[in-house]
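Notes follow the structure.
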Amino acid sequence: PYLGFHDVVDGDTLYHRIPAFSLLDQDSTSIGNEELSDYIYIADFFYTYCPTICPKVKTQMLRVYDQFETEKRLKFVSFALDPIRDNVERLHQFSENIGVDSERWHCLTGEREVIWNLAEQYLISVRADEEEPGGIYHSGKILLIDPKGHIRAFADGTEAQAVDAFMESIEQLLQTVK
């Protein structure tokens, strides 16, 4: 299925697409829709010093990464919710620490307003909240995005069983995309 908002124009259904963006990854490479248009990708939103859900989500993202280690049509994109702290250098160190290939997994940073607005387009809740550990409330969803920028599936990235079902959705989408 296509998830998110949709419009009907002249009898045609226009499904929600992730809008154009361009951010810097952990290697200072500009990454956006154009660079991802030939790939299916898994997306999440995080910050490196998050003391609650982010470590759980990253554990599950790494499970997916390992499961699809040889799948060249699949990329991973993690958006930094606190780009002031999570600058290029910190994201570079983070990606090295978790042991991922920077050609396959892009940790993106840029202006906070841009990233938080993008989170809304990915149907992710995010807001500043001083009562939250780390100061940022956000959902732990991971999302499956097709090469045209449509959201095709999501899972609670803190729950292993939900991620197991999510991996089945990845398999299904890989079968339909050449």
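The values are calculated or read from the model by the stated rules, or taken from the named source; none is laboratory data. The structure displayed is predicted, hence computed values, not measured ones. Heads up, the Cβs are rebuilt from the backbone with ideal geometry, glycines too, and the neighbour counts pull from every protein chain shown. Quick note on the areas: whole protein, heavy atoms, side chains included, nothing else; ligands and nucleic acids left out. Shrake-Rupley method; radii C 1.70, N 1.55, O 1.52, S 1.80 Å.
Brief remarks on what is shown
- When the range 108-124 is limited to residues that are touching a Ser or Thr at 6+ places or on another chain (Cβ under 9 Å) and in a loop (DSSP other than H, G, I, E, B), the one that is surrounded by the fewest Cβ atoms within 10 Å (Cβ to Cβ) turns out to be 123.
- Matching residues, the range 155-178, being surrounded by fewer than 21 Cβ atoms within 10 Å (Cβ to Cβ) and either within 12 Å of the chain's Cα centre (by Cα) or within 16 Å of residue 38 (Cβ to Cβ) (or both): 173, 174, 176, 177, 178
- Unmet requirement for residue 147, which otherwise passes all of (1) of a type outside the set (Phe, Trp, Tyr); (2) assigned to a loop (DSSP other than H, G, I, E, B); (3) touching a helix residue (DSSP H, G or I) at 6+ places or on another chain (Cβ under 6 Å): (3)
- Index of the failed condition, residue 7 passing every other in (1) farther than 13 Å from residue 151 by Cα; (2) touching a residue at least 40 places away in the same chain (Cβ under 8 Å): (2)
- Each residue in the range 93-133 was checked for being more than 14 Å from the chain's Cα centre (by Cα), of a type outside the set (Asp, Glu) and within 17 Å of residue 24 (Cβ to Cβ), and 8 of them qualify.
- Scanning the range 94-107 for residues that are part of a helix (DSSP H, G or I) and crowded, with 22+ Cβ neighbours inside 10 Å yields a count of 0.
- Every residue from the range 25-56 that is among the aliphatic types (A, V, I, L, M) and either surrounded by fewer than 12 Cβ atoms within 10 Å (Cβ to Cβ) or in contact with a strand residue (DSSP E or B) (Cβ under 6 Å, 6 or more places away or on another chain) (or both): 31, 40, 42, 43
- When each of 33, 87 is tested for being modelled with pLDDT under 95 and in contact with a Ser or Thr (Cβ under 9 Å, 6 or more places away or on another chain), the lone residue that passes is 33.
- Selection of the range 47-82 for residues being modelled with pLDDT of 95 or more, under 23 Å from residue 30 (Cα atoms) and aromatic (Phe, Trp, Tyr) yields 65, 76, 79.
- Evaluated against (1) open to solvent by 70 Å² or more (accessible area, probe 1.4 Å); (2) under 15 Å from the mean Cα position of the chain (by Cα); (3) touching a residue at least 24 places away in the same chain (Cβ under 8 Å), residue 90 falls short on exactly one condition, (2).
- Top-ranked residue in the range 40-93 [being part of a loop (DSSP other than H, G, I, E, B) and among the aliphatic types (A, V, I, L, M); ranked as nearest to residue 151 (Cα to Cα)]: 81
- Taken together, 127, 152 contain a single residue that is basic (Lys, Arg), closer than 20 Å to residue 32 by Cα, open to solvent by 10 Å² or more (accessible area, probe 1.4 Å) and in a strand (DSSP E or B), which is 152.
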